[in-house]
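Encoded as structure tokens, the structure appears first; notes follow it.
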Amino acid sequence: MTIIENCRRDLAIANRIMAREEVVDHLGHVSARHPDRPDRFLLSQSRSPELVTPGDIKEYDLAGSPIEEAPHPMYVERFIHAAIYRARPDVNSVAHNHAYDLLPFTIASDVKLRAVVHPAYAIGTEAPVWDFRDKFPTATPLVLDMAQGDDLAAILGNHSVALMRNHGCVVALDSIVSTIYACVYVKVNARIQSEATRFGGDVSYLSAVELEAIGALYNNAPHTVDRAWEYWVRRADLSGI
Ligand SMILES: [Zn+2]
């Protein structure tokens, strides 16, 4: 299998995992930077993630335009991916989802999403929030063009996770496996943080120093994330891949 074929297959599997782990339903998508052309990215044509196959994966440029001339249905929010790849050369995979455990944190403006469990360290001490109303007051919460995508990428900055007001989140990391890992655990972290907050007492958040140490631990033990990937691959429905 060539590098590009392998990337298409991994991306299709990533879609299936996100569906199986209920990070996405029919909404949400995950992409990868093209392994040979850093000025392009790979993203499924508009399909329900649990059905995506390697044949559905299309190429786009960093303005969100399709490379393929043959028309195909496209995700309207593909500009999220284009803008982040353009702004962040270190990023090789981007996911956008509306995980329902996460949405309260995009709505309650005085409650911040913060890392409370170690596998969610990608959140950092606090996830920034992109509020579409700041610069696009008559728009929808969706990212429908490059101007909105660029604004979102600016709010993301050097973070790996950003929330989107009344909408969902973006996750941007160096590989498909890392991005899926973060997507699953951002959702888990949101649920646990919500439940702990309901007790009404103090909530113990992971500090910047602790998060840095956890990140170093993961960097030194990449098999930890690979182990999660094989667990999720086993659980996902990969029929047709
Ligand atoms: Zn969306």
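Observations
- Seen against the Cα atoms of the chain and their longest principal axis, helix 146-156 is set at about 40 degrees.
- Per-peptide average of other Cβ atoms within 10 Å, ordering 9-22, 112-125 highest first: 9-22, 112-125
- For region 152-189 versus region 1-31, the spacing of their alpha-carbon centroids is 15 Å.
- Packing, as the average of other Cβ atoms within 10 Å across residues, places the peptides 171-184, 38-51, 225-238 in the order 171-184, 38-51, 225-238, highest first.
- In this structure region 3-235 gives 46 Å² per residue of accessible area when probed at 1.4 Å with all protein chains present.
- Note on the chain: helix-only mean residue ellipticity at 222 nm, from DSSP H runs of 4+ residues weighted -39500 (n - 2.57) and normalised by residue number, equals -12000 deg cm²/dmol.
- A simple packing score, the average count of other Cβ atoms within 10 Å per residue, orders the peptides 75-87, 142-154 as 75-87, 142-154, with the highest score first.
- Once the Cα atoms are used to define both axes, helix 176-198 deviates from the longest principal axis of the chain by about 30 degrees.
- Separation of alpha-carbon centers, region 114-139 and region 192-216, rounded to whole Å: 15 Å
- Cα-Cα separations in region 37-160 greater than 25 Å, expressed as whole percent: 30 percent
- For the chain, the mean projected area of the C-alpha convex hull, equal to one quarter of the hull surface, is 13.1 nm².
- Dimensions (Å) - region 95-147, Cα atoms, principal axes, largest first: 38, 25, 19
The values are calculated or read from the model by the stated rules, or taken from the named source; none is laboratory data. Bear in mind that the values here come from a model prediction, so they are computed numbers and not experimental data. Cβ sites come from the backbone with ideal geometry, for glycine too, and all protein chains shown count toward neighbours. When the accessible area is computed, the model is the full protein with side chains, heavy atoms only, and any ligands, DNA or RNA have been set aside. Shrake-Rupley method; radii C 1.70, N 1.55, O 1.52, S 1.80 Å.
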